[in-house]
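The next block holds one structure in the form of structure tokens; read it before the comments.
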Amino acid sequence: MTNVPFRHGHTTVNTVRSLAVGTELPDGNYSGVLIKAPGPTDDTPNSVPIYLGHDNVTADYSVSGGFPLAPGESVTLPLRYVSDLYVVSTANNQSIAWFLV
């Protein structure tokens, strides 16, 4: 088993889609990413869902609409290339916490 350093952080999510985990992380060294949308029990909860998807993701339920992550929910996605994951919301100043696994 190879030692892989812990990688985690927070990303501000706005109405313009952006990379979920930033651009400085290496691809291919992890098997996925755990994402949590802060909820009512967190210090600064989100007020609306976050939508996860590819670089054309939208914050709705259309064909390009992303996977909705409501405040307080989390999801683990099996991704080899974390640079493929984007986030967007219907309100500015939302956030996600992420942890590469």
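Here are some notes:
- Nearest-20 debye value, the range 10-100 charge dipole, Cβ charges on Lys, Arg, Asp, Glu: 80
- Karplus-based coupling profile of the range 76-87, in residue order and whole Hz: 10, 10, x, 10, 7, 10, 5, 6, 8, 9, 10, 9, with θ = phi - 60° in 6.51 cos²θ - 1.76 cosθ + 1.60 and x standing for Gly or Pro.
- Length added when fully stretched, V101-S64, from 0.36 nm per residue minus Cα-Cα: 10.7 nm
- Sorted from greatest to least, the principal axis extents spanned by the alpha carbons of the chain come out as 40, 32, 19 Å.
- Between the residues G66, L79, S89, the greatest Cα displacement towards the positive end of the dipole of the chain, with unit charges on the Cβ of Lys, Arg, Asp and Glu, is found for L79.
No lab work stands behind these numbers, since they all come straight from the coordinates. Model, not experiment: these values are computed from the prediction. Neighbour counts are summed over all protein chains in view; Cβ atoms, including those assigned to glycine, are modelled from backbone coordinates with ideal geometry.
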